[in-house]
């Protein structure tokens with residue numbers, strides 16, 4: 001296809017031809033013919049130039065937290081019988097909103113070239129990288145031909161995490177422990193409890209080989225575990241409760257609480273007002289699934305808060321609960337939330353004021369405190385991490401955001 005320069009030259013050739021006919025000047029006909037021949041020659045050149053490139057893209061890592069580095073490494077190898085011309089390589093990111101673009105010099109047959117660049121990870125989400133394209137231009141830049149040499153890949157950016165102290169543990173039934181209160185077992189928990197299927201990350205030393213041979217599936221000897229805390233995080237994703245960047249502040253807070261509780265060994269659960277319920281679990285795969293959900297969560301239309309709170313009031317809910325809401329939530333909804341105190345051992349509320357995301361807003365302090373165990377008020381002067389650690393000061397020591405975490 002013609003480039004912008006090629007179209008301009010083709011248009012100029014037509015204009016010269018028209019002017020030559022109108023004015024009867026031979027030289028204009030000559031210039032028109034030369035311009036047309038140059039455009040035609042450019043098209044023929046790019047059509048006849050065969051480029052056989054093999055491209056591979058490696059993403060390290062494929063899952064990152066917002067604000068951390070992710071690196072793309074490209075390798076392009078010439079599989080043709082002739083050297084390649086100078087090529088333009090383009091690797092779009094986030095559906096073409098941003099891109100990596102560079103020139104690739106001539107490659108001899110059976111040789112390769114490498115390039116690398118870093119991806120922007122300033123915001124959460126799942127971003128598409130690619131497809132990788134090469135563009136071959138003629139000598140005058142009048143015509144080009146594009147070729148896709150590598151398919152698209154995805155980068156998952158989890159929400160950024162704050163270094164916060166975990167929730168104090170409260171009693172709650174742990175379905176894996178066989179008891180609804182702290183047991184008298186040792187820390188190692190060596191009393192035999194049951195057999196279960198192997199899960200990624202299990203200690204292979206606990207494989208029960210006789211059962212594995214019988215069912216033709218890896219079976220793990222499940223020992224009775226010491227009592228674990230349970231933490232439920234409720235995230236309000238209703239569109240009417242959010243504006244500006246309030247959802248980003250709320251998602252970051254929810255992710256930080258989940259991470260802090262998981263790091264102390266608690267069973268964690270994410271519940272959102274759009275219907276998501278991750279259930280309780282403590283494995284890394286479970287936490288990664290929660291983080292992936294938080295990476296893509298968006299403000300949802302409709303109001304399902306009442307039904308979600310009704311589900312949390314039913315049997316089977318216990319331990320600690322943290323609700324992450326904005327100050328846009330009406331007082332009667334906070335009162336309804338406060339009625340969950342009888343179901344959970346502790347009920348904490350992260351209330352995000354408008355000043356937390358809008359620097360021009362003032363902090364609202366006249367609002368009465370809702371009926372919860374602990375209130376964490378997030379404002380512009382006191383971000384989430386500082387407000388949380390202040391509310392739970394002296395109970396735990398805050399840990400680094402990503403320490404021990406490998407997505």
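The values are calculated or read from the model by the stated rules, or taken from the named source; none is laboratory data. On a predicted model such as this, the values are computed, not experimentally measured, just so you know. Backbone-built Cβ (ideal geometry, glycine too); neighbour counts: all protein chains shown.
From 98, 146, which residue is over 30 Å from residue 10 (Cα atoms) and assigned by TED's automatic domain parsing to the domain that holds residue 65? After ruling out the rest, the residue left standing is 98. Hey, among the residues in segment 261-284 that are in contact with a helix residue (DSSP H, G or I) (Cβ under 6 Å, 6 or more places away or on another chain) and part of a strand (DSSP E or B), which one's surrounded by the fewest Cβ atoms within 10 Å (Cβ to Cβ)? Per the stated criteria, the residue is 270. Scanning segment 305-318 for residues that are out of contact with any helix residue (DSSP H, G or I) (no Cβ under 7 Å at 6 or more places or on another chain) and buried (at least 16 other Cβ atoms within 10 Å of the Cβ), which turns out nearest to residue 66 (Cα to Cα)? Filtering segment 305-318 for residues that are out of contact with any helix residue (DSSP H, G or I) (no Cβ under 7 Å at 6 or more places or on another chain) and buried (at least 16 other Cβ atoms within 10 Å of the Cβ), the one nearest to residue 66 (Cα to Cα) comes out as 308. Hey, among the residues in segment 317-363 that are without any contact (Cβ under 8 Å) to a residue 12 or more places away in the chain and in a loop (DSSP other than H, G, I, E, B), which one's nearest to residue 269 (Cα to Cα)? For segment 317-363, the residue satisfying everything is 330. Contact map, segment 367-382: residues that are in the same structural domain as residue 321 (by TED's automatic domain parsing) and closer than 14 Å to residue 355 by Cα paired with residues that are in a strand (DSSP E or B) and at pLDDT 90 or above, Cβ distance under 7 Å, separation 6+ or inter-chain. Pairs shown: 377/351; 378/350; 378/351; 378/352. Within the bounds of segment 285-301, is there any residue that is more than 19 Å from the chain's Cα centre (by Cα), part of a helix (DSSP H, G or I) and not assigned by TED's automatic domain parsing to the domain that holds residue 199? No. Criterion applied to 10, 77 was being touching a strand residue (DSSP E or B) at 6+ places or on another chain (Cβ under 8 Å) and not assigned by TED's automatic domain parsing to the domain that holds residue 127, and the one residue passing it is 10. A residue that is within 36 Å of the chain's Cα centre (by Cα), part of a loop (DSSP other than H, G, I, E, B) and at pLDDT below 85 occurs somewhere in segment 211-225.
For every residue, the table says whether it meets (1) surrounded by 17 or more Cβ atoms within 10 Å (Cβ to Cβ); (2) under 30 Å from residue 83 (Cα atoms).
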{"residue": "16", "(1), (2)": "yes, no"}
{"residue": "29", "(1), (2)": "no, no"}
{"residue": "32", "(1), (2)": "yes, no"}
{"residue": "36", "(1), (2)": "yes, yes"}
{"residue": "40", "(1), (2)": "no, yes"}
{"residue": "47", "(1), (2)": "no, yes"}
{"residue": "54", "(1), (2)": "no, yes"}
{"residue": "60", "(1), (2)": "no, no"}
{"residue": "66", "(1), (2)": "yes, no"}
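More than 30 Å from residue 359 (Cβ to Cβ) and touching a residue at least 60 places away in the same chain (Cβ under 8 Å): which single residue out of 232, 276 fits that description? Criteria check complete, one pass: 232.
Tell me whether segment 24-39 contains one or more residues that are touching a residue at least 40 places away in the same chain (Cβ under 8 Å) and within 18 Å of residue 142 (Cα to Cα).
The answer is yes, given that some residue of segment 24-39 is touching a residue at least 40 places away in the same chain (Cβ under 8 Å) and within 18 Å of residue 142 (Cα to Cα).
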